[in-house]
Amino acid sequence: MDASGLPLLDRRISDCRACPRLVSWREEVARAKRAAYADWTYWGRPVPGFGPADARMLIVGLAPAAHGGNRTGRMFTGDRSGDVLYEALYDVGLASQPTAMHADDGLELYGVRVTSPVHCAPPANKPTPQERDTCRPWLVQELRLLRPTLRAVVVLGAFGWQAALPAFAEAGWSVPRPRPAFSHGARYPLDGLELFGCFHVSQRNTFTGRLTPAMLRDVLRTAARAAGLPATAV
Ligand code: SF4
């Protein structure tokens, strides 16, 4: 497969119903809604990756948020985590605007794609190991499609790291044993790419200052430069 297959993959992901618990949760949340979004028609389906098919850099999160991606249908769009991530991407010159409000807001990513190892919003933001493993083939296919242009991968958080490394291996990438350990700022060469670790942009991390905007921008800028993207200094 080549990069032209990515839109097709995204459409197939959007139709997936492989995890009964997650299907029921994402659809129940979409029916019940949050009061602030009562006039929205929630997406209520799996959320595919977002960004160009010829991306040089990939950001791997965890899973869509119930009232974020599960509402808007676009990865990291419409929640606080996305606000932090997209503002940082804009700051380093990798996004066309600092905000991500809805799927038709005009946001473009420059050379960067954002995805997750689990494509449906899980209760309490916690997919089960079985759900993570069931969703892995989607990430594996996405990695294979992106591989020809990809030069750097940033994984957000330890859970994403644990989910992503087996997917890298399954996609045919050579992953060292023992597997590289996650930490914020970690940087490893991986099968001709550069792999970076970054604390997740969750509210728990950003509200407490565990992950500051400066720390996030640093990782994104370093990864972008490793990928050959023209990241700007802030
Ligand atoms: S989490 Fe992944 S495998 Fe499970 S239903 Fe959603 S898209 Fe399908």
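If we scan segment 106-121, do we find a residue that is closer than 21 Å to GLN203 by Cβ, basic (Lys, Arg) and not in a loop (DSSP other than H, G, I, E, B)? No, segment 106-121 contains no residue that is closer than 21 Å to GLN203 by Cβ, basic (Lys, Arg) and not in a loop (DSSP other than H, G, I, E, B).
Restrict the check to segment 43-66 and report whether at least one residue is of a type in the set (Val, Ile, Thr) and surrounded by fewer than 24 Cβ atoms within 10 Å (Cβ to Cβ). No, segment 43-66 contains no residue that is of a type in the set (Val, Ile, Thr) and surrounded by fewer than 24 Cβ atoms within 10 Å (Cβ to Cβ).
Of all residues in segment 31-53, exactly one satisfies the criterion of being farther than 21 Å from ILE13 by Cβ and among the hydroxyl-bearing types (Ser, Thr, Tyr), namely TYR37.
Please work out if ARG221 is surrounded by 19 or more Cβ atoms within 10 Å (Cβ to Cβ), in contact (Cβ under 8 Å) with a residue 12 or more places away in the chain and in contact with a Pro (Cβ under 7 Å, 6 or more places away or on another chain). No, not satisfied.
Residue count for segment 1-36, restricted to those that are surrounded by 14 or more Cβ atoms within 10 Å (Cβ to Cβ) and away from the ligand (no atom under 16 Å from the Cβ): 3. Residues of segment 1-48 that are more than 17 Å from PRO122 (Cβ to Cβ), in a loop (DSSP other than H, G, I, E, B) and not hydroxyl-bearing (Ser, Thr, Tyr): MET1, ASP2, ASP15, LYS33, ALA38, ASP39, TRP40. Within the set ASP79, ASP83, the sole residue that is more than 22 Å from VAL153 (Cα to Cα) and in contact (Cβ under 8 Å) with a residue 12 or more places away in the chain turns out to be ASP79.
Just to be sure before I move on: is ASP54 in a loop (DSSP other than H, G, I, E, B), out of contact with any Ser or Thr (no Cβ under 9 Å at 6 or more places or on another chain), away from the ligand (no atom under 11 Å from the Cβ) and modelled with pLDDT of 95 or more in the structure I sent? Criteria not met by ASP54.
For the criterion of being touching a residue at least 24 places away in the same chain (Cβ under 8 Å) and more than 16 Å from the ligand (Cβ to nearest atom), GLY93 passes. Among the residues of segment 134-143, is any in contact (Cβ under 8 Å) with a residue 60 or more places away in the chain, in contact with a His (Cβ under 9 Å, 6 or more places away or on another chain) and at positive phi? Checked segment 134-143: no residue is in contact (Cβ under 8 Å) with a residue 60 or more places away in the chain, in contact with a His (Cβ under 9 Å, 6 or more places away or on another chain) and at positive phi.
Let's see how each residue does on (1) aromatic (Phe, Trp, Tyr); (2) outside any helix (DSSP H, G or I); (3) within 16 Å of the ligand (Cβ to nearest atom); (4) within 13 Å of the chain's Cα centre (by Cα):
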position: ARG132; (1), (2), (3), (4): no, no, yes, no
position: GLU142; (1), (2), (3), (4): no, no, yes, yes
position: TRP161; (1), (2), (3), (4): yes, no, no, yes
position: PRO166; (1), (2), (3), (4): no, no, yes, no
position: PRO178; (1), (2), (3), (4): no, yes, no, no
position: GLY185; (1), (2), (3), (4): no, yes, no, no
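Only one of the numbered conditions (1) out of contact with any Gly (no Cβ under 7 Å at 6 or more places or on another chain); (2) within 14 Å of the ligand (Cβ to nearest atom) is violated by ASP83, and that is (2).
The values are calculated or read from the model by the stated rules, or taken from the named source; none is laboratory data. The shown structure was predicted, so the numbers you read here are calculated from the model rather than taken from an experiment. Backbone-built Cβ (ideal geometry, glycine too); neighbour counts: all protein chains shown.
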